[in-house]
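A.B. asks: This structure is in C-alpha coordinates; I'll ask about it shortly.
The values are calculated or read from the model by the stated rules, or taken from the named source; none is laboratory data. Computed from a prediction, not measured in an experiment: that's the story for all the values here. Positions of Cβ are backbone-derived with ideal geometry, glycine not excepted, and every protein chain shown enters the neighbour counts.
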Amino acid sequence: MTIQIRKLDSSQPDFKAQLSAVLAFEASEDDAIDRVAAQILAEVKARGDAAVIEYTNRFDKLSAADVASLEIGKPELQAALESLTPERRNALQTAADRVRAYHARQKAETGGDGFTYTEADGTVLGQKVTPLDRVGIYVPGGKAAYPSSVLMNAIPAKVAGVQEVIMVVPTPGGVKNELVLAAAAIAGVDRVFTIGGAQAVGALAYGTATIPQVDKIVGPGNAYVAAAKRRVFGIVGIDMIAGPSEILVVCDGTTDPDWIAMDLFSQAEHDELAQSILVCPDATYIEKVEASINRQLDAMPRKDVIRTSLVNRGAMVKVRDMDEACEIANLIAAEHLEISTENPQKWADKIRHAGAMFLGRFSSESLGDYCAGPNHVLPTSRTARFSSPLGVYDFQKRSSIIHVSEAGARTLGKVAAELAYGEGLQAHAGSAEYRLK
(Lines give C-alpha, C1' and ligand atoms only; values in the text may rest on other atoms or scores of the structure.)
Protein backbone atom coordinates (compact mmCIF):
# COMPACT_ATOMS: atom_id res chain seq x y z
CA MET A 1 0.00 0.00 0.00
CA THR A 2 1.45 3.33 -1.09
CA ILE A 3 1.81 5.88 1.66
CA GLN A 4 1.62 9.63 1.27
CA ILE A 5 4.06 11.60 3.41
CA ARG A 6 3.31 15.24 4.06
CA LYS A 7 5.06 17.57 1.59
CA LEU A 8 6.06 21.11 2.50
CA ASP A 9 7.61 23.83 0.37
CA SER A 10 9.44 26.75 1.97
CA SER A 11 8.18 29.05 -0.79
CA GLN A 12 4.58 28.61 0.34
CA PRO A 13 3.22 31.64 2.19
CA ASP A 14 2.03 29.56 5.15
CA PHE A 15 5.15 27.38 5.30
CA LYS A 16 6.11 28.28 8.87
CA ALA A 17 2.62 27.53 10.14
CA GLN A 18 2.66 24.19 8.33
CA LEU A 19 6.08 23.33 9.77
CA SER A 20 4.95 24.28 13.26
CA ALA A 21 1.99 21.93 12.89
CA VAL A 22 4.34 19.09 11.92
CA LEU A 23 6.63 19.77 14.89
CA ALA A 24 3.83 20.26 17.42
CA PHE A 25 4.00 17.64 20.11
CA GLU A 26 2.50 18.00 23.53
CA ALA A 27 4.27 15.69 25.94
CA SER A 28 0.68 15.37 27.05
CA GLU A 29 1.02 14.90 30.74
CA ASP A 30 -2.03 12.72 31.17
CA ASP A 31 -3.68 13.65 34.47
CA ALA A 32 -4.62 10.05 35.16
CA ILE A 33 -1.03 8.86 34.65
CA ASP A 34 0.29 11.63 36.86
CA ARG A 35 -2.17 10.78 39.63
CA VAL A 36 -1.18 7.10 39.55
CA ALA A 37 2.53 7.99 39.60
CA ALA A 38 1.98 10.37 42.51
CA GLN A 39 0.11 7.71 44.49
CA ILE A 40 2.84 5.11 43.88
CA LEU A 41 5.57 7.55 44.91
CA ALA A 42 3.71 8.45 48.10
CA GLU A 43 3.31 4.77 48.95
CA VAL A 44 6.99 4.02 48.32
CA LYS A 45 8.02 7.02 50.40
CA ALA A 46 5.81 5.92 53.28
CA ARG A 47 6.16 2.14 53.14
CA GLY A 48 9.47 1.56 51.34
CA ASP A 49 10.18 -2.05 50.37
CA ALA A 50 6.62 -3.20 51.11
CA ALA A 51 5.17 -0.83 48.51
CA VAL A 52 7.92 -1.58 45.98
CA ILE A 53 7.32 -5.33 46.13
CA GLU A 54 3.54 -4.89 46.11
CA TYR A 55 3.53 -2.80 42.92
CA THR A 56 6.24 -4.86 41.24
CA ASN A 57 4.35 -8.11 41.81
CA ARG A 58 1.14 -6.52 40.57
CA PHE A 59 2.46 -4.85 37.42
CA ASP A 60 5.07 -7.41 36.37
CA LYS A 61 2.99 -10.44 37.38
CA LEU A 62 5.58 -11.75 39.81
CA SER A 63 5.28 -13.45 43.20
CA ALA A 64 8.52 -12.27 44.82
CA ALA A 65 8.67 -12.40 48.61
CA ASP A 66 10.79 -9.28 49.06
CA VAL A 67 12.86 -6.71 47.20
CA ALA A 68 16.13 -8.41 48.14
CA SER A 69 15.10 -11.43 46.07
CA LEU A 70 14.86 -9.17 43.00
CA GLU A 71 18.52 -8.20 43.10
CA ILE A 72 20.74 -9.79 40.46
CA GLY A 73 24.25 -10.52 41.72
CA LYS A 74 27.43 -9.94 39.74
CA PRO A 75 27.96 -13.68 39.11
CA GLU A 76 24.66 -13.79 37.22
CA LEU A 77 25.62 -10.70 35.21
CA GLN A 78 28.93 -12.31 34.30
CA ALA A 79 27.19 -15.56 33.39
CA ALA A 80 24.90 -13.63 31.05
CA LEU A 81 27.94 -12.10 29.39
CA GLU A 82 29.58 -15.47 28.96
CA SER A 83 26.39 -16.95 27.49
CA LEU A 84 26.51 -14.65 24.47
CA THR A 85 27.77 -15.82 21.11
CA PRO A 86 31.35 -14.64 20.41
CA GLU A 87 30.05 -12.30 17.71
CA ARG A 88 27.45 -10.70 19.98
CA ARG A 89 29.88 -10.42 22.90
CA ASN A 90 32.58 -8.85 20.72
CA ALA A 91 30.07 -6.33 19.35
CA LEU A 92 28.96 -5.38 22.86
CA GLN A 93 32.56 -5.09 24.06
CA THR A 94 33.59 -2.99 21.06
CA ALA A 95 30.67 -0.62 21.59
CA ALA A 96 31.50 -0.32 25.30
CA ASP A 97 35.17 0.36 24.59
CA ARG A 98 34.30 3.12 22.11
CA VAL A 99 31.75 4.73 24.45
CA ARG A 100 34.27 4.61 27.31
CA ALA A 101 37.08 6.09 25.20
CA TYR A 102 34.89 8.95 23.97
CA HIS A 103 33.71 9.87 27.45
CA ALA A 104 37.21 9.67 28.88
CA ARG A 105 38.26 12.21 26.25
CA GLN A 106 35.18 14.27 27.04
CA LYS A 107 36.13 14.36 30.71
CA ALA A 108 39.62 15.62 29.91
CA GLU A 109 38.42 18.24 27.43
CA THR A 110 35.54 19.71 29.48
CA GLY A 111 37.37 20.68 32.62
CA GLY A 112 36.74 17.45 34.47
CA ASP A 113 39.69 18.06 36.77
CA GLY A 114 38.74 21.55 37.93
CA PHE A 115 41.09 24.54 38.10
CA THR A 116 42.58 27.19 40.39
CA TYR A 117 44.48 30.42 39.83
CA THR A 118 46.24 32.84 42.16
CA GLU A 119 45.76 36.60 42.00
CA ALA A 120 48.54 39.12 42.61
CA ASP A 121 47.62 39.58 46.29
CA GLY A 122 47.67 35.84 46.96
CA THR A 123 43.93 35.20 46.75
CA VAL A 124 43.20 31.81 45.24
CA LEU A 125 40.06 31.23 43.18
CA GLY A 126 38.94 28.17 41.32
CA GLN A 127 36.59 25.28 40.93
CA LYS A 128 36.64 21.78 42.34
CA VAL A 129 34.94 19.06 40.31
CA THR A 130 33.68 15.97 42.15
CA PRO A 131 31.61 13.01 40.96
CA LEU A 132 28.20 12.18 42.36
CA ASP A 133 28.32 9.46 45.01
CA ARG A 134 25.53 7.22 43.75
CA VAL A 135 23.47 7.18 40.53
CA GLY A 136 20.42 5.18 39.48
CA ILE A 137 19.92 4.17 35.86
CA TYR A 138 16.53 3.12 34.56
CA VAL A 139 16.60 0.59 31.71
CA PRO A 140 13.35 -0.25 29.89
CA GLY A 141 12.16 -3.85 29.98
CA GLY A 142 9.15 -5.72 28.70
CA LYS A 143 8.55 -5.25 24.97
CA ALA A 144 11.78 -3.32 24.60
CA ALA A 145 15.25 -4.38 25.68
CA TYR A 146 18.05 -1.89 25.18
CA PRO A 147 21.55 -3.02 26.14
CA SER A 148 22.83 0.10 24.36
CA SER A 149 21.01 2.23 26.97
CA VAL A 150 22.90 0.42 29.72
CA LEU A 151 26.22 1.34 28.10
CA MET A 152 25.25 4.95 27.37
CA ASN A 153 24.00 5.65 30.89
CA ALA A 154 26.39 3.63 33.06
CA ILE A 155 29.73 4.15 31.30
CA PRO A 156 29.88 7.98 31.50
CA ALA A 157 28.88 7.74 35.17
CA LYS A 158 31.78 5.38 35.81
CA VAL A 159 34.19 7.51 33.77
CA ALA A 160 33.09 10.52 35.86
CA GLY A 161 34.06 8.59 39.00
CA VAL A 162 30.63 7.73 40.42
CA GLN A 163 31.24 5.27 43.24
CA GLU A 164 28.05 3.24 42.89
CA VAL A 165 25.76 2.76 39.89
CA ILE A 166 22.44 1.04 40.64
CA MET A 167 20.43 -0.26 37.70
CA VAL A 168 16.71 -0.98 37.75
CA VAL A 169 15.04 -2.92 34.94
CA PRO A 170 11.54 -4.40 34.91
CA THR A 171 11.18 -8.08 34.03
CA PRO A 172 7.49 -8.71 33.25
CA GLY A 173 6.68 -12.34 33.86
CA GLY A 174 10.14 -12.78 35.32
CA VAL A 175 11.77 -12.83 31.87
CA LYS A 176 15.31 -11.42 31.97
CA ASN A 177 17.13 -10.17 28.89
CA GLU A 178 20.60 -11.71 28.83
CA LEU A 179 22.03 -8.99 26.60
CA VAL A 180 20.91 -6.27 29.02
CA LEU A 181 22.50 -8.14 31.94
CA ALA A 182 25.68 -8.70 29.91
CA ALA A 183 25.84 -4.97 29.14
CA ALA A 184 25.58 -4.25 32.88
CA ALA A 185 28.57 -6.54 33.49
CA ILE A 186 30.66 -4.84 30.80
CA ALA A 187 29.67 -1.32 31.92
CA GLY A 188 30.63 -1.97 35.53
CA VAL A 189 27.17 -1.57 37.06
CA ASP A 190 27.41 -2.23 40.80
CA ARG A 191 23.91 -3.46 41.68
CA VAL A 192 20.90 -4.53 39.58
CA PHE A 193 17.29 -4.80 40.74
CA THR A 194 14.54 -6.25 38.57
CA ILE A 195 11.97 -3.58 39.33
CA GLY A 196 10.50 -0.91 37.10
CA GLY A 197 7.82 1.72 36.79
CA ALA A 198 7.13 4.61 39.13
CA GLN A 199 7.90 2.37 42.11
CA ALA A 200 11.49 1.93 40.90
CA VAL A 201 11.87 5.69 40.50
CA GLY A 202 10.48 6.19 44.00
CA ALA A 203 12.79 3.59 45.51
CA LEU A 204 15.82 5.24 43.94
CA ALA A 205 14.69 8.76 44.89
CA TYR A 206 13.69 8.11 48.51
CA GLY A 207 15.67 4.98 49.33
CA THR A 208 14.26 1.90 51.07
CA ALA A 209 15.62 -0.66 53.50
CA THR A 210 17.02 -2.60 50.52
CA ILE A 211 17.62 0.02 47.82
CA PRO A 212 19.83 2.98 48.78
CA GLN A 213 18.87 6.52 47.84
CA VAL A 214 20.71 7.86 44.79
CA ASP A 215 21.75 11.39 43.89
CA LYS A 216 20.52 11.31 40.30
CA ILE A 217 18.25 9.16 38.12
CA VAL A 218 18.94 8.80 34.41
CA GLY A 219 17.53 6.68 31.61
CA PRO A 220 14.31 6.44 29.56
CA GLY A 221 11.04 4.82 30.56
CA ASN A 222 7.31 4.82 29.87
CA ALA A 223 4.82 7.57 30.69
CA TYR A 224 4.59 6.52 34.35
CA VAL A 225 8.37 6.60 34.69
CA ALA A 226 8.50 10.05 33.08
CA ALA A 227 5.76 11.35 35.38
CA ALA A 228 7.57 9.95 38.42
CA LYS A 229 10.88 11.50 37.35
CA ARG A 230 9.20 14.89 37.04
CA ARG A 231 7.82 14.58 40.55
CA VAL A 232 11.06 13.52 42.27
CA PHE A 233 13.20 16.18 40.58
CA GLY A 234 14.59 18.38 43.33
CA ILE A 235 14.86 15.47 45.74
CA VAL A 236 17.27 13.92 43.25
CA GLY A 237 18.63 15.10 39.93
CA ILE A 238 17.30 13.73 36.65
CA ASP A 239 18.76 13.72 33.16
CA MET A 240 15.77 14.90 31.11
CA ILE A 241 12.19 14.08 30.21
CA ALA A 242 12.58 12.56 26.77
CA GLY A 243 9.94 12.79 24.06
CA PRO A 244 9.59 10.60 20.97
CA SER A 245 12.72 9.96 18.91
CA GLU A 246 13.47 12.26 15.97
CA ILE A 247 15.65 12.36 12.88
CA LEU A 248 16.14 15.28 10.52
CA VAL A 249 18.03 14.53 7.30
CA VAL A 250 19.45 17.52 5.42
CA CYS A 251 20.45 16.24 2.00
CA ASP A 252 21.77 17.89 -1.15
CA GLY A 253 20.51 15.08 -3.39
CA THR A 254 23.84 13.29 -3.84
CA THR A 255 23.21 10.33 -1.50
CA ASP A 256 21.60 7.09 -2.67
CA PRO A 257 17.84 7.59 -2.06
CA ASP A 258 17.58 4.05 -0.63
CA TRP A 259 20.03 5.01 2.10
CA ILE A 260 18.00 8.06 3.08
CA ALA A 261 14.73 6.13 3.06
CA MET A 262 16.22 3.58 5.45
CA ASP A 263 17.60 6.37 7.66
CA LEU A 264 14.07 7.77 7.95
CA PHE A 265 12.80 4.27 8.78
CA SER A 266 15.41 3.94 11.53
CA GLN A 267 13.60 6.48 13.68
CA ALA A 268 10.07 5.80 12.50
CA GLU A 269 10.32 2.18 13.66
CA HIS A 270 10.79 3.26 17.30
CA ASP A 271 7.11 4.06 17.78
CA GLU A 272 4.15 5.72 16.11
CA LEU A 273 5.01 9.12 17.62
CA ALA A 274 8.62 9.15 16.34
CA GLN A 275 9.40 11.82 13.77
CA SER A 276 11.37 11.57 10.52
CA ILE A 277 11.88 14.64 8.32
CA LEU A 278 13.83 15.14 5.08
CA VAL A 279 14.90 18.64 4.00
CA CYS A 280 16.31 19.02 0.49
CA PRO A 281 16.50 21.66 -2.26
CA ASP A 282 15.99 19.05 -5.04
CA ALA A 283 12.31 18.22 -5.71
CA THR A 284 13.18 15.34 -8.03
CA TYR A 285 15.37 13.77 -5.36
CA ILE A 286 12.57 14.05 -2.79
CA GLU A 287 10.35 12.07 -5.18
CA LYS A 288 13.05 9.39 -5.47
CA VAL A 289 13.26 9.04 -1.70
CA GLU A 290 9.48 8.75 -1.46
CA ALA A 291 9.50 6.05 -4.14
CA SER A 292 12.20 4.19 -2.22
CA ILE A 293 10.17 4.41 0.99
CA ASN A 294 7.19 2.77 -0.72
CA ARG A 295 9.39 0.15 -2.37
CA GLN A 296 11.20 -0.87 0.83
CA LEU A 297 8.47 -0.50 3.44
CA ASP A 298 6.77 -3.88 3.10
CA ALA A 299 10.05 -5.68 3.85
CA MET A 300 10.29 -4.03 7.27
CA PRO A 301 9.17 -6.18 10.23
CA ARG A 302 7.84 -3.05 11.94
CA LYS A 303 6.20 -1.70 8.79
CA ASP A 304 2.92 -0.81 10.49
CA VAL A 305 4.70 1.33 13.11
CA ILE A 306 6.85 2.95 10.42
CA ARG A 307 3.84 3.69 8.23
CA THR A 308 1.90 5.34 11.05
CA SER A 309 4.91 7.41 12.12
CA LEU A 310 5.69 8.65 8.61
CA VAL A 311 2.08 9.45 7.73
CA ASN A 312 1.20 11.20 10.99
CA ARG A 313 4.45 12.92 11.93
CA GLY A 314 6.83 12.65 8.97
CA ALA A 315 7.50 15.32 6.36
CA MET A 316 9.51 16.05 3.23
CA VAL A 317 10.49 19.68 2.92
CA LYS A 318 11.55 21.35 -0.34
CA VAL A 319 13.77 24.40 0.27
CA ARG A 320 15.41 27.04 -1.91
CA ASP A 321 18.97 26.01 -1.20
CA MET A 322 21.24 24.44 1.40
CA ASP A 323 21.57 27.70 3.33
CA GLU A 324 17.84 27.73 3.89
CA ALA A 325 17.99 24.03 4.79
CA CYS A 326 20.38 24.92 7.62
CA GLU A 327 18.09 27.73 8.81
CA ILE A 328 15.21 25.28 9.02
CA ALA A 329 17.41 22.70 10.77
CA ASN A 330 18.18 25.28 13.46
CA LEU A 331 14.46 25.99 13.82
CA ILE A 332 13.64 22.28 14.18
CA ALA A 333 16.57 21.65 16.61
CA ALA A 334 16.31 17.91 16.09
CA GLU A 335 17.54 15.14 18.34
CA HIS A 336 19.46 13.51 15.45
CA LEU A 337 20.61 15.59 12.47
CA GLU A 338 22.14 13.90 9.44
CA ILE A 339 23.95 16.21 7.03
CA SER A 340 24.15 13.88 4.04
CA THR A 341 25.96 16.11 1.57
CA GLU A 342 29.18 16.81 -0.21
CA ASN A 343 31.47 18.81 2.10
CA PRO A 344 29.21 18.33 5.14
CA GLN A 345 31.45 20.39 7.44
CA LYS A 346 30.55 23.51 5.45
CA TRP A 347 26.92 23.09 6.45
CA ALA A 348 27.65 21.82 9.96
CA ASP A 349 29.36 25.15 10.65
CA LYS A 350 25.96 26.80 10.17
CA ILE A 351 24.16 24.56 12.67
CA ARG A 352 23.55 25.89 16.18
CA HIS A 353 20.86 23.53 17.46
CA ALA A 354 21.03 19.74 17.26
CA GLY A 355 21.39 16.92 19.77
CA ALA A 356 23.89 15.03 17.63
CA MET A 357 25.19 15.76 14.12
CA PHE A 358 26.06 12.97 11.69
CA LEU A 359 28.26 14.36 8.93
CA GLY A 360 28.57 12.84 5.49
CA ARG A 361 26.70 10.09 3.69
CA PHE A 362 28.43 7.25 5.55
CA SER A 363 27.43 8.53 9.02
CA SER A 364 24.12 6.79 9.57
CA GLU A 365 22.30 7.71 12.75
CA SER A 366 22.19 4.05 13.77
CA LEU A 367 25.97 4.05 14.31
CA GLY A 368 25.48 6.73 16.94
CA ASP A 369 22.79 4.66 18.63
CA TYR A 370 25.13 1.76 19.22
CA CYS A 371 28.84 2.11 18.81
CA ALA A 372 30.27 5.37 17.40
CA GLY A 373 31.15 6.55 20.93
CA PRO A 374 29.22 9.77 21.65
CA ASN A 375 26.17 9.38 23.86
CA HIS A 376 22.81 8.45 22.35
CA VAL A 377 20.82 10.02 25.21
CA LEU A 378 19.89 13.28 23.48
CA PRO A 379 17.50 16.22 23.87
CA THR A 380 14.20 15.88 21.99
CA SER A 381 11.19 18.07 21.15
CA ARG A 382 13.34 21.11 20.24
CA THR A 383 15.07 21.12 23.63
CA ALA A 384 18.41 20.93 21.80
CA ARG A 385 18.05 24.73 21.74
CA PHE A 386 19.15 24.70 25.37
CA SER A 387 20.13 21.14 26.30
CA SER A 388 23.04 18.81 25.58
CA PRO A 389 23.64 15.07 25.17
CA LEU A 390 24.10 13.06 28.34
CA GLY A 391 27.77 13.14 29.27
CA VAL A 392 30.40 12.85 31.96
CA TYR A 393 29.47 16.36 33.09
CA ASP A 394 25.99 15.12 34.06
CA PHE A 395 27.56 12.90 36.72
CA GLN A 396 29.77 15.60 38.21
CA LYS A 397 29.14 18.67 40.30
CA ARG A 398 31.21 21.76 40.76
CA SER A 399 32.18 23.61 43.93
CA SER A 400 33.64 27.10 43.81
CA ILE A 401 36.94 27.62 45.62
CA ILE A 402 37.48 31.00 47.33
CA HIS A 403 40.61 31.34 49.46
CA VAL A 404 41.05 35.05 50.13
CA SER A 405 44.39 36.38 51.35
CA GLU A 406 44.67 39.08 54.04
CA ALA A 407 45.56 41.65 51.38
CA GLY A 408 42.67 40.46 49.23
CA ALA A 409 40.23 40.80 52.12
CA ARG A 410 41.18 44.47 52.54
CA THR A 411 40.47 45.17 48.87
CA LEU A 412 37.40 43.01 48.38
CA GLY A 413 35.96 43.89 51.80
CA LYS A 414 35.47 47.54 50.81
CA VAL A 415 33.71 46.52 47.59
CA ALA A 416 31.49 43.97 49.35
CA ALA A 417 30.60 46.36 52.19
CA GLU A 418 29.61 49.11 49.79
CA LEU A 419 27.33 46.79 47.85
CA ALA A 420 25.89 45.26 51.04
CA TYR A 421 24.97 48.69 52.41
CA GLY A 422 23.32 49.37 49.05
CA GLU A 423 21.19 46.28 49.53
CA GLY A 424 20.39 47.15 53.14
CA LEU A 425 22.20 44.10 54.53
CA GLN A 426 24.23 45.50 57.42
CA ALA A 427 25.48 42.15 58.71
CA HIS A 428 26.91 41.34 55.31
CA ALA A 429 28.73 44.66 55.34
CA GLY A 430 29.92 44.12 58.91
CA SER A 431 31.24 40.64 58.11
CA ALA A 432 33.36 42.11 55.33
CA GLU A 433 34.45 45.18 57.35
CA TYR A 434 35.71 43.16 60.33
CA ARG A 435 38.42 41.85 58.02
CA LEU A 436 39.49 45.39 57.15
CA LYS A 437 40.66 46.19 60.71
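A.B. asks: Residues Lys158, Lys143: which one is at pLDDT below 95, assigned by TED's automatic domain parsing to the domain that holds Ala64 and of a type in the set (D, E, K, R)? Please lay out each step first, then the result.
C.D. replies: Values: Lys158 fails: at pLDDT below 95.
Every option except Lys143 fails the conditions.
A.B. asks: Residues that are touching a Ser or Thr at 6+ places or on another chain (Cβ under 8 Å) and either in contact (Cβ under 8 Å) with a residue 24 or more places away in the chain or not hydrophobic (A, V, I, L, M, F, W, C) (or both): find the strands (runs of 3 or more DSSP E) completely inside region 206-306 holding 1 or more of those. Spell out the reasoning first.
C.D. replies: Numbers: elements: 216-218, 246-251, 275-280.
Answer list for region 206-306: 246-251, 275-280.
A.B. asks: Let me confirm something: among Val168, Val175, which residue is of a type in the set (A, V, I, L, M), surrounded by fewer than 20 Cβ atoms within 10 Å (Cβ to Cβ) and either free of Cβ contacts under 8 Å to residues at least 60 places away in the same chain or on the phi > 0 side of the Ramachandran plot (or both)?
C.D. replies: Working: Val168 fails: surrounded by fewer than 20 Cβ atoms within 10 Å (Cβ to Cβ).
None of the other options fit; the residue is Val175.
A.B. asks: While we're looking at this one, here's another question. List pairs: first in region 79-106 and touching a residue at least 60 places away in the same chain (Cβ under 8 Å), second among the aromatic types (Phe, Trp, Tyr), Cβ under 8 Å, 6+ apart or cross-chain?
C.D. replies: Short answer, once both residue conditions are applied: Ala95/Tyr370; Gln106/Tyr393.
A.B. asks: How about region 187-205: which of its residues are assigned to a loop (DSSP other than H, G, I, E, B) and closer than 15 Å to Arg58 by Cβ? Walk me through how you get there before you give the answer.
C.D. replies: So the first thing to find is which residues in region 187-205 are assigned to a loop (DSSP other than H, G, I, E, B), and the list is 188-190, 194-196.
Once the filter is applied, which keeps residues that are assigned to a loop (DSSP other than H, G, I, E, B) and closer than 15 Å to Arg58 by Cβ, region 187-205 yields Thr194, Ile195, Gly196.
A.B. asks: For region 332-353: of the residues being more than 15 Å from Asp252 (Cβ to Cβ) and touching a residue at least 60 places away in the same chain (Cβ under 8 Å), which is farthest from the chain's Cα centre (by Cα)?
C.D. replies: Ile332
A.B. asks: Let me ask something additional. Tell me, which helices (runs of 4 or more DSSP H) lie completely within region 48-121 with 2 or more residues that are exposed (fewer than 12 other Cβ atoms within 10 Å of the Cβ) and out of contact with any strand residue (DSSP E or B) (no Cβ under 8 Å at 6 or more places or on another chain)?
C.D. replies: On the way: elements: 49-60, 74-83, 86-109.
Helices (runs of 4 or more DSSP H) meeting the threshold: 74-83, 86-109.
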